[in-house]
Amino acid sequence: MPLIKVDDKEVEVPAEFTLLQACEAAGVEVPRFCFHERLSIAGNCRMCLVELKGAPKPIASCAWAVRDCRPGPNGEPPEVITKSKMVKKAREGVMEFLLINHPLDCPICDQGGECDLQDQAMAYGVDGSRFKENKRAVEDKYIGPLVKTIMTRCIHCTRCIRFSAEVAGVPELGATGRGEDMEITTYLERAMTSELQGNVIDLCPVGALTSKPYAFQARPWELTKTESIDVMDAVGSAIRVDTRGREVMRILPRLHEDVNEEWISDKTRFIWDGLKAQRLDRPYLRRSGRLEPVTWGEAFAAIGERIAATTPKRIAAIAGDLAGVEEMFALKSLMQVLGSPNLDCRQDGAKLDPRRGRASYIFNPHITGIDRADVILFVGSNPRREAAVLNARLRRRWRDGGVRFGLVGEQVDLTYPIDYLGAGPESLAQIARGEGEFAKALASAKRPLVIVGQGALARPDGDAILSLAAKVAAGGEREEGWNGLAILHTAAARVGGLDLGFVPGDGGHDVIGMIAAAAAKEIDVLFLLGADEIPVNALGETFVVYIGTHGDAGAHRADVILPGAAYTEKSAIFVNTEGRVQMTARAAFPPGDAREDWAILRAFSDVIGKRLPFDSLHELRRALYAAHPLFMRVDHIAPEPADGIRALAARDGNPSREPFKPAIADFYLTNAIARASAVMAECSALHAGRLAVAAE
């Protein structure tokens with residue numbers, strides 16, 4: 001690697017590094033506005049000027065590669081100086097130019113306290129300006145209900161434009177005009193449609209793009225920051241929850257290179273208002289057809305009476321998509337002491353079975369495996385809706401080149417070109433038989449990736465489709481150690497539930513069987529652990545106990561409501577789609593009389609004389625780890641042998657001809673928290689065309 005000298009310190013860096021990156025490798029901070037590590041180089045803010053020995057003028061370090069530097073006359077390494085008088089004067093001049101038209105909005109700007117321009121003006125600017133002209137004014141633009149614009153503050157770094165075009169893949173932002181007349185806009189002032197558009201708020205180095213729902217809510221120094229994990233999808237993005245008192249004020253991304261890099265979806269970012277609305281904050285009991293508030297003792301007594309009056313096989317439990325591992329473990333333990341085999345965590349009826357091995361239901365190549373795949377096939381999956389952040393990684397893989405995409409299922413725009421291969425199982429069967437050009441490309445690939453969505457698995461022939469997908473993934477000459485079968489989940493709780501074995505026991509009903517049995521009056525008591533995505537109106541006269549956070553479908557049907565804690569209000573284990581064990585952290589406390597779900601189940605077990613053997617979260621986790629050691633290793637993925645995939649591929653089945661249907665109908669309204677959010681409701685209506693799109 002080339003040797004370069006930065007402020008008298010010699011470092012070896014790759015030849016493709018820019019001078020800015022070389023300076024950072026040497027531990028020298030270089031200010032910047034337009035440069036971002038994950039975006040293309042624009043080189044237009046000039047804040048990163050440095051002195052390159054031998055050059056007649058300062059150099060934009062973000063746009064000058066190490067390979068372009070000449071050695072000294074005697075072969076000395078190139079020398080970069082970042083603290084010379086030339087550099088100091090150049091940076092002061094750039095800052096003076098940037099502030100010519102920037103308004104004095106700091107006291108009312110939502111970016112105040114977190115603003116790159118503020119910080120760099122303090123560090124590299126001067127205390128006065130030689131310019132006396134009037135400041136320009138730019139009309140604010142309407143770009144949707146999520147991002148607020150104050151374009152007079154814009155410094156034309158173009159980060160938002162490059163993010164929209166390169167990362168999100170929806171090039172809706174651009175620049176019009178030149179020089180002082182340049183403006184960033186959506187051209188026709190229509191709302192942005194990307195599921196990742198909120199990331200431009202983090203990218204904007206000034207207060208030109210801020211969060212519209214968060215406008216004027218709080219200052220950063222008022223907030224308590226808690227590092228946690230997102231549960232709006234199964235990717236498990238690393239997030240930071242900012243709270244003031246008991247209230248969640250905003251949600252921001254954290255850096256995790258192996259999962260979400262530094263992006264989060266709009267649903268993850270703007271869901272926080274749903275944590276406050278329609279909350280269940282006290283127990284309820286249905287009397288004479290109406291839900292009435294009661295004490296915990298009265299609610300437990302009503303459930304206990306029903307359980308005492310029935311038999312174990314007429315009791316059932318369903319875990320929802322946002323349930324943590326601890327509460328599922330507690331509910332499973334309760335069902336075991338009651339003697340019931342009827343439990344399931346697969347709300348959508350997906351044909352996934354932990355008895356086939358963990359490799360049959362996780363994203364085996366890991367999310368980072370996308371970066372190495374050479375052929376990628378989607379089966380009944382739309383990652384743009386089901387895992388927006390993962391789709392951004394898939395798009396980046398396409399931009400890197402050397403990969404080919406194919407799709408079997410509903411034809412959709414994934415923001416990168418794909419070969420559309422068919423709508424249903426017949427097309428997948430043809431690929432498994434090696435018919436067609438794409439099948440030949442898959443067979444010759446060293447690292448093929450077959451991404452199977454829940455739209456292909458949550459149907460009666462899901463078993464046969466999974467076997468076909470495994471056959472495609474396992475065939476051909478593969479790289480040693482490569483397992484290309486990747487199950488893309490949509491529910492944060494699903495992999496954890498399968499790891500836990502929260503599935504029917506011997507002779508027990510699955511979700512579909514429970515609903516049918518309830519309609520046939522064969523189930524007397526049904527526990528819903530935040531399960532709102534099942535057809536609750538088909539439960540007949542079954543006595544329904546709902547443990548959850550919001551007044552959603554399950555609560556409306558319930559005979560007893562036990563208020564639980566949301567994911568920001570408890571420390572809970574979740575396992576993402578690739579099998580990575582993750583843990584949320586409590587950022588706030590549940591409202592009113594609401595309690596953590598595992599504590600509710602523990603207290604109830606005591607009332608009915610079936611006391612569970614733990615009195616604290618620590619004791620519960622000790623029992624959980626003893627039974628399932630894999631949950632002990634947080635941020636770790638247990639290696640899975642590919643033997644189960646070969647056995648799965650050998651299975652026979654007869655899939656139907658019915659085309660695959662999307663697993664998610666509305667990206668913005670996938671769970672109870674989202675449906676309680678006014679912001680998500682507005683986004684959903686806008687996306688569906690139910691709102692007029694006009695400038696504010």
At the level of C-alpha centres, the distance separating region 263-288 and region 585-624, in angstrom, is 20 Å
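Over all directions, the average projected area of the alpha-carbon convex hull for region 577-630 comes to how many nm²?
Over every viewing direction, the Cα hull of region 577-630 projects on average to 5.3 nm².
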³J(HN,Hα) computed for each position of region 571-580 - Karplus, 6.51 cos²θ - 1.76 cosθ + 1.60, integer Hz, glycine/proline x | 8, 9, 8, 10, 10, 7, 5, 8, x, 7
Please state the charge dipole magnitude for region 96-203, taken about the Cα centre, from unit charges on C-beta atoms (+1 on K and R, -1 on D and E), reported in debye and rounded to the nearest 20.
-> 240 debye
Residues with amide H under 5 Å of Glu261's amide H, sequence separation 5 or more or different chain, H placed in the peptide plane at 1.01 Å from N; which?
-> His256
Taking a temperature of 25 °C and a viscosity of 0.890 mPa s, what whole-number D in µm²/s does Stokes-Einstein yield for region 12-135 with Rh from Kirkwood over alpha carbon pairs?
-> 155 µm²/s
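Just the number, please: percent antiparallel of the DSSP beta bridges in region 543-696, rounded to the nearest 5. Working shown, then result.
Details: 4 of 8 bridges.
Bridges in region 543-696 that DSSP calls antiparallel: roughly 50 percent.
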In degrees, nearest 10, range 0 to 90: what is the angle between the Cα axis of helix 678-687 and the longest Cα principal axis of the chain?
-> 80 degrees
Quick one: Karplus J couplings for region 502-518, per residue in order, coefficients 6.51, -1.76, 1.60, θ = phi - 60°, nearest Hz, x for Gly and Pro?
-> 7, 9, x, x, 4, x, x, 8, 8, 4, 5, x, 4, 5, 5, 5, 5
How large, in Å, is region 286-333 by the Kirkwood hydrodynamic radius built from its alpha-carbon pairs?
-> 13.1 Å
Hits among lysines - C-alpha to C-alpha of Lys471 under 27 Å, sequence gap 8 or more where chains match = Lys351, Lys440, Lys446, Lys661
Rounded to whole Hz and in sequence order, give me ³J(HN,Hα) for region 315-327 from the Karplus expression 6.51 cos²θ - 1.76 cosθ + 1.60, θ = phi - 60°, writing x for Gly and Pro.
-> 10, 9, 8, 10, 9, x, 6, 10, 7, x, 4, 4, 6
Just tell me which lysines come within less than 22 Å, Cα to Cα, of Lys610; anything on the same chain fewer than 8 places away is out.
-> Lys313, Lys332
Whenever you get a sec, compute what percent of the accessible area on region 304-392 sits on carbon and sulfur atoms (1.4 Å probe).
-> 49 percent
Residue-level accessible surface for His256, protein heavy atoms, 1.4 Å, Å² = 30 Å²
Sparse-neighbour loop sites [trypsin sites (Lys or Arg not before Pro); region 49-146; at most 16 other C-beta within 10 Å; DSSP] = Lys53, Lys83, Arg130, Lys132, Lys135, Arg136
So what is the calculated 222 nm ellipticity per residue for the chain, using -39500 (n - 2.57) for each DSSP H run with n of 4 or more, over all residues, to the nearest 500 deg cm²/dmol?
-> -7500 deg cm²/dmol
Among beta bridges assigned by DSSP with both residues in the chain, the antiparallel ones amount in percent, to the nearest 5, to 55 percent
Can you give the charge dipole size of region 135-272 about its Cα centre, rounded to the nearest 20 debye, using +1 on the beta carbon of Lys and Arg and -1 on the beta carbon of Asp and Glu?
-> 560 debye
Could you compute the FRET efficiency for Arg399 and Glu298, with r as their C-beta to C-beta distance and R0 at 51 Å, rounded to 0.05?
-> 0.30
Looking at Asn342, Gly369, Val389, which one has the Cα that reaches farthest to the positive end of the dipole of region 303-415 (charges on Cβ: Lys, Arg +1; Asp, Glu -1)?
-> Gly369
Farthest toward positive dipole pole in the chain [+1 Lys/Arg, -1 Asp/Glu at C-beta], among Gly198, Ala688, His509 = Gly198
When the accessible area of region 121-231 is computed with all protein chains present and a 1.4 Å probe, what percentage of it is carbon and sulfur?
-> 51 percent
Could you give log10 I(q)/I(0) at q = 0.18, 0.21, 0.22 Å⁻¹ for region 455-508, computed by the Debye formula over C-alpha point scatterers of equal weight, without solvent?
-> -0.83, -1.00, -1.04
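Where does the chain land on the Kirkwood hydrodynamic radius, alpha-carbon pairs, in angstrom?
With all distinct Cα pairs of the chain included, I get 27.6 Å.
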Label zone at Ser84, where the point sits 7 Å out along the Cα-to-Cβ direction: region 25-59 residues whose backbone N lies under 15 Å | 49-59
For the chain, which span is the longest to avoid every loop-located (per DSSP) member of chymotrypsin sites (Phe, Trp or Tyr not before Pro) having at most 13 other Cβ atoms inside 10 Å?
-> 217-696
Percent accessible area from carbon and sulfur atoms, region 447-493, protein chains only, probe 1.4 Å = 45 percent
What whole-number value in cubic angstrom gives the convex hull volume per residue for the C-alpha atoms of region 250-345?
-> 160 Å³
Which semi-axis lengths, in whole Å and largest first, follow from the square roots of five times the eigenvalues of the Cα gyration tensor of region 448-596?
-> 33, 23, 11
The farthest towards the positive end of the charge dipole of the chain, of the residues Ser164, Ala215, Ala642, given +1 on Cβ of Lys and Arg and -1 on Cβ of Asp and Glu, is Ala215
Restricting region 1-66 to GluC sites (Glu not before Pro) in coil, as DSSP defines it, with at most 15 other Cβ within 10 Å = Glu16, Glu29, Glu37
Label-reachable residues, region 1-39, where backbone N falls under 11 Å from a point 7 Å from Ala65's Cα toward its Cβ = 15-18
Solvent-accessible area per residue for the chain at a 1.4 Å probe radius, Å²?
-> 41 Å²
Give me the number: length gained by fully extending Thr193 to Gln278, i.e. 0.36 nm times residue separation minus the C-alpha to C-alpha distance, one decimal in nm.
-> 27.9 nm
Report the label-to-label distance for Val126 and Lys53 in nanometres (one decimal), using points 7 Å from each Cα along the Cα→Cβ vector.
-> 2.9 nm
Long-range amide H partners of Val6, meaning residues 5 or more apart or on another chain whose placed amide H is closer than 5 Å, are Val11, Val80
Percentage of Cα-Cα pair distances in region 153-264 greater than 18 Å, rounded to whole percent?
-> 58 percent
Given charges of +1 on the Cβ of Lys and Arg and -1 on the Cβ of Asp and Glu, with all other atoms neutral, how large is the dipole of the chain about its Cα centre, in debye to the nearest 20?
-> 140 debye
Scan region 451-553 for trypsin sites (Lys or Arg not before Pro) in coil per DSSP, keeping those whose Cβ has at most 11 other Cβ atoms within 10 Å, and list them by number.
-> Lys521
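The values are calculated or read from the model by the stated rules, or taken from the named source; none is laboratory data. Here the structure is a predicted model, which means the values were calculated and not measured. Note that each Cβ is placed from the backbone with ideal geometry, even for glycine, and that neighbours are counted across all protein chains shown. When the accessible area is computed, the model is the full protein with side chains, heavy atoms only, and any ligands, DNA or RNA have been set aside. Shrake-Rupley method; radii C 1.70, N 1.55, O 1.52, S 1.80 Å.
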